[in-house]
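Data block below; observations after.
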Amino acid sequence: MERYDLIIEGAQVFTPSGIQALDIGVINGRVESLGALGSTSASDRLDASGLLVLPGFIDTQVHFREPGLEHKEDLESGTRSAALGGVTTIFEMPNTRPSTTTPEALADKVSRANGRAWCDFAFFMGASAENAAHLAEWELLPGCAGVKIFMGSSTGSLLVERDEELLQVLRNGRRRVSVHCEDEARMRERRALAEEAAHPVAHPVWRDDISALLATERLLRLAETAGRMVHVLHVTTREEAELLGRWKHRATMEVTPQHLSFHAPDCYERLGTLAQMNPPIRAIEHQQALWEAVRNGVADILGSDHAPHTLDEKSQPYPQSPSGMTGVQTLLPVMLTHVLNGRLTLERLVDLGCSGPARLFQIARKGRIARGYDADFAIVDLKKQQLLQGQWIASKCGWSPYEGQLLKGWPVHTVVRGNIVVRDGALQGTPQGDRVRFLDVPDNAVSQ
C-alpha cells in the first residue's frame, strides 16, 4: 500500500471540476491522489473538517525591501506574512538598494531567500536604459520572474520614461513584461498641487487619472510596435479598464484589493497617509469600474502591491510621506470578505489569485489542485468572522489599513509543496520556500 508524506482529510476541496469532498494525498511535494484515502498510511495527517482547501495563492507584486531597507521588511518577515495569509508563492519587485538590475543582484536575492523564505519565490529584473540590451538573456536566469518597467514612481536607473528607452526594453526579450504606468512628466508638473494641499486627499489630484491613462496608452502603442506582451500593474482608472478591455491581444491587467476596497476621499480622511500609495486610491466611480472589470473578465489577476513603510515614515507631512502599504497577509481574507458579501464568486477569486497568475506568467505546476501539481494549499474557514487586529500582521512595520475591519473567511492552515508551514494559524517548522520554475524558460535554466 502506498505511503503518503501528507494526507489532508475531511475537507471540501476546490478542484478544476468544482468543490468536492475529497482527501488529498501528497508525495514528494506534489498532489498524488484526490479521493477517499481512509486509513491509508501517511507520515503526517491534517484534519481539515469543516474547512475549504483552496489552491495556494500567488501574489505577483510584493516589495520585501531586502537588501537595503530591512528596517521595514525583509525576505523572512515578508514571506512569513505571506504564509500566514495563505499566499504560497510571491514575485518580489526590483526597487531595493541596490536595485535588481544585474545578474549579480538577482542571484544575491535568490541566495538571501534560500533557507529563509516561508513560501516559494521569484524576483523581477528591473529594466533600465543601461541594461536593456541584456534583458533577453537575463530574463531567463534562475529565479527571475521576468522584467519590470517603472514608467513612473521610481528613482535612478529604474525609471524608464522615454519612448525610445521603453521600446528598446520591449524589443529585448519575449516573456511578458510587467509595467507600472504613470506619466512621470505630468506628475512632475503637478507636484505643486500636492505641496499646496499638504494633505493626502490631494494624492489622486496630483497623480491623476490622466497621468495613468497617458502612460498606459503609450505602453500599448510601444508594445504593439515591439510585438511584446505586457502586464499593466495596479490599474486604478475607469478609462484604463475600458482601454485594456480592447487590448487583450497585447496586454493583461492587475487589480489590487485596496483599490477594490477603498475609495477617495473617504480613505484619506479616515487613514491619512496610511492610504497613500501609487497609483492612488481614487473616487468611487473608478472603484466601480474596477469591479466591473473583475466581473466581466477584463481584470486578469490580483496583486497585493505589498509595500511596507514604518509608522514613523508614514507620519511625515504629506507629500514627503512615502507611498505604500502592507497587503500580502490580508489579500486572501479581504477578498474572501468580498466573496461572502456577494461582490464576486469564489471561482472568480481563485482564477484571479491562483490559476490566473500561473497562466499569465507560465508558472510550472502551480495554480490549481490537481494530480502532479505542487501541493500548495490555502485552507480557509469561511465561517470565521473576526476584526483584523494589528498584532496579527507579521510585517516588520506592524500595521494594516484594514485594522479594525470585520473580515469574513480566514486562512487556518498553509501548505507549501506538501510542507505544513502554518497550522491552526501559527507558523511551524522551518522556512521551506524554493525558487519558482517557469514553463517559458529553457530546460537548461529550469533544471538549474
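The values are calculated or read from the model by the stated rules, or taken from the named source; none is laboratory data. A quick note: this is a predicted structure, and the numbers were derived from the prediction, not measured. Virtual Cβ from ideal backbone geometry, glycine too; neighbours counted across all protein chains shown.
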Qualifying positions in region 119-131 - of a type in the set (A, V, I, L, M) and either surrounded by fewer than 22 Cβ atoms within 10 Å (Cβ to Cβ) or closer than 27 Å to GLY85 by Cα (or both) | ALA122, MET125, ALA129
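Inspect region 416-423 for any residue being among the small types (Gly, Ala, Ser), over 22 Å from the mean Cα position of the chain (by Cα) and at pLDDT 95 or above and give the result as yes or no. Give the derivation first.
Narrowing region 416-423 to residues among the small types (Gly, Ala, Ser): 418.
Remaining after also requiring over 22 Å from the mean Cα position of the chain (by Cα): none.
No, that holds for no residue.
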Number of the condition not met by HIS71 [criteria: (1) in contact (Cβ under 8 Å) with a residue 40 or more places away in the chain; (2) under 19 Å from the mean Cα position of the chain (by Cα); (3) in a loop (DSSP other than H, G, I, E, B); (4) on the phi < 0 side of the Ramachandran plot] | (2)
Give GLU313, GLU269, GLU254 a once-over and let me know the one that is among the acidic types (Asp, Glu) and crowded, with 23+ Cβ neighbours inside 10 Å.
-> GLU254
Read through the list (1) touching a residue at least 12 places away in the same chain (Cβ under 8 Å); (2) in a loop (DSSP other than H, G, I, E, B), then give the number of the only condition that GLN320 fails.
-> (1)
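Residue-by-condition table, conditions (1) free of Cβ contacts under 8 Å to residues at least 40 places away in the same chain; (2) assigned to a loop (DSSP other than H, G, I, E, B):
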site: LEU220; (1), (2): yes, no
site: ARG228; (1), (2): no, yes
site: GLU239; (1), (2): yes, no
site: LEU244; (1), (2): no, no
Would you confirm whether any residue within region 162-173 is under 20 Å from ASP305 (Cβ atoms) and assigned to a loop (DSSP other than H, G, I, E, B)?
-> no
Going through region 204-222 one residue at a time, which ones are out of contact with any helix residue (DSSP H, G or I) (no Cβ under 7 Å at 6 or more places or on another chain) and farther than 23 Å from THR252 by Cα?
-> PRO204
Does LEU214 satisfy being in a helix (DSSP H, G or I), touching a residue at least 60 places away in the same chain (Cβ under 8 Å) and of a type in the set (A, V, I, L, M, F, W, C)?
-> no
Filter the helices (runs of 4 or more DSSP H) completely within region 338-448 down to those with at least 2 residues that are of a type in the set (D, E, K, R) and surrounded by fewer than 19 Cβ atoms within 10 Å (Cβ to Cβ).
-> 346-350
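Criterion first (at positive phi, of a type outside the set (S, T, N, Q), surrounded by fewer than 24 Cβ atoms within 10 Å (Cβ to Cβ) and at pLDDT 95 or above) does HIS234 satisfy it? Explain how you work it out, then say what you get.
Working: at positive phi: yes; of a type outside the set (S, T, N, Q): yes; surrounded by fewer than 24 Cβ atoms within 10 Å (Cβ to Cβ): yes; at pLDDT 95 or above: yes.
It is true that HIS234 is at positive phi, of a type outside the set (S, T, N, Q), surrounded by fewer than 24 Cβ atoms within 10 Å (Cβ to Cβ) and at pLDDT 95 or above.
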Any idea how many residues of region 108-157 are touching a residue at least 40 places away in the same chain (Cβ under 8 Å), farther than 24 Å from LEU360 by Cα and part of a helix (DSSP H, G or I)?
-> 4
Among the residues of region 49-76, the number that are closer than 24 Å to ARG423 by Cβ and surrounded by fewer than 22 Cβ atoms within 10 Å (Cβ to Cβ) is 5
